[in-house]
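Asks: Okay, handing you the structure first.
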Amino acid sequence: MSETHQPDLIAAIATAPGRGGVGMVRVSGADVAPLARAMLGRVPVPRHATFAGFLDADGATLDEGIALVFAAPHSFTGENVLELQGHGGPVVLNLVLQRCLELGARLADPGEFTRRAYLNGKLDLAQAEAVADLIDAASTEAARSAVRSLSGAFSARVNELLEGLTRLRLLVEATLDFPDEEIDFLRDADAFGRLDRIEAALAAVRAQARQGALLREGLTVVLIGQPNVGKSSLLNQLAGFEAAIVTEIAGTTRDTVREAIQIQGVPLHIVDTAGLRETDDAVEKIGIARTWAALENADVALLLVDAAHGLGEHEAAIVARLPAVARLTIHNKIDAMQEAPRVAGDEIWLSAKTGAGVELLREKLLAAAGWQAAGEGAFMARARHLDALARAAQHIAVARGIAAQLELFAEELRLAQAALSEITGEFTADDLLGEIFSHFCIGK
């Protein structure tokens, strides 16, 4: 790590905004004793809950509650930490925080407590990111995935890959150092068998990471089609309530309507859009333009058609303009034709009015997202993790193709190792650290 932490005192409210029964102000730094003595009248025994009044400059009580001291290095940040647990009102918490600032602390930056934990070796970078992911988890599955990453499961798998690459590189370097030896180090040590096992293990980690990334990021699904084919009705069915206005009047939806739902714990961001047709209505034209803009960021497009006539010229024109995005065709209004729901490839017959066949759509959406029901081992992963894993896989694939050129083979293994090291922060640029921790909440 190229950065060293500054041991100055930082302070922040560490509980969520709003009112609650209990609120906490956290202080961390090289020496919290003078601040604790001034605010509490004494320094609590480390790791012992101490009831005390929180005092202002004149000795008057601002609040009272529990004070806890955690001595370095046995704390979240690895520094000396003071936690003041009082009443959870925003006014009183800000009074306690302001008193800490008067006594020499400064307001912590977003994520600074966790950043210090990382810099002091209490967490690796993947674990530190999992702290924020656990806080932001939108489903039970996402929370469990974040806990696995926070507990080090993801990092452990990455470290296993790094150790395997290190041992393989040692064999290659030995061959390079003793080119005249009759013993073929690589053959006798099953070097290429080891490479096969590393490649297979990396593929498994990538699959688990993709599942975790899906839990974190979700899937953006855009509903498109001609006016009055039932897009808003389908949105309401998926959401489980009246999220969009539904009428028999074509063109009712003039703007994009967004709703977040979950299917088996996977977040889906459903976007209902204006019907795609030729129009002279200025407002409707804007809505149609926003429909095409929404499609640029879509993971899946649901093309709704009236089951009575199926795909026609208008739908073919829409498909021709679609960007490169996965597409499912929804034949809606089967209730009017007294047909049963069914699936054929990427086409689904359903009724957005009655809900018949909507469960088939949910299953297809999960399949389109790449979700696997046995996703219990998923790690909470971010885009940068997936990128690093993909680059490592690419370098290993290149290495396999140039194994006869040992110098180049060794270099590709080194590059794969460097890519994996970025995940845990063993090798990470300072500007990336700033970007990562800037998205944390203040107080964490």
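The values are calculated or read from the model by the stated rules, or taken from the named source; none is laboratory data. Bear in mind the structure is a predicted one, so any value in this text is a computation, not a measurement. Counting neighbours? That spans all protein chains shown, and the Cβs are built from the backbone with ideal geometry, glycine included. Protein only, heavy atoms only, side chains kept; ligands, DNA and RNA dropped before computing areas. Shrake-Rupley method; radii C 1.70, N 1.55, O 1.52, S 1.80 Å.
Asks: Express in nm, to one decimal, how much length is gained between Gln98 and Val22 on full extension, taking 0.36 nm for each residue of separation and deducting their alpha carbon distance.
Replies: So the chain would gain 25.6 nm between Gln98 and Val22.
Asks: Can you find, among Val45, His87, Gly65, the residue sitting farthest towards the positive end of the charge dipole of region 31-112, where Lys and Arg contribute +1 and Asp and Glu -1 at Cβ?
Replies: Checking the options against the dipole of region 31-112, the answer is Val45.
Asks: How would Asp136, Asp63 line up by accessible area, probe 1.4 Å, largest first?
Replies: Asp136, Asp63
Asks: What does the convex hull of the Cα atoms of region 28-140 come to per residue, in Å³, rounded to a whole number?
Replies: Considering the Cα atoms of region 28-140, their hull volume per residue is 123 Å³.
Asks: OK, next. Testing the spin-label approximation: label points 7 Å from Cα along Cα→Cβ at Asp8 and Ala204. State their distance in nm.
Replies: 4.8
Asks: Given the protein chains as shown and a 1.4 Å probe, how many square angstrom of Ile135 are accessible, to the nearest 10?
Replies: 90
Asks: Provide the gained length on full extension for the span Asp196 to Glu407, in nm with one decimal, where the gain is 0.36 nm per separating residue minus the Cα-Cα distance.
Replies: My answer for the length gained is 74.0 nm.
Asks: Compare His385, His48 by solvent-accessible area with a 1.4 Å probe and give them largest first, with all protein chains kept in place.
Replies: His48, His385
Asks: I've got another one for you. Of Thr166, Thr220, Thr329, which has the most accessible area and how do the rest follow, probe 1.4 Å?
Replies: Ranked list, largest accessible area first: Thr166, Thr220, Thr329.
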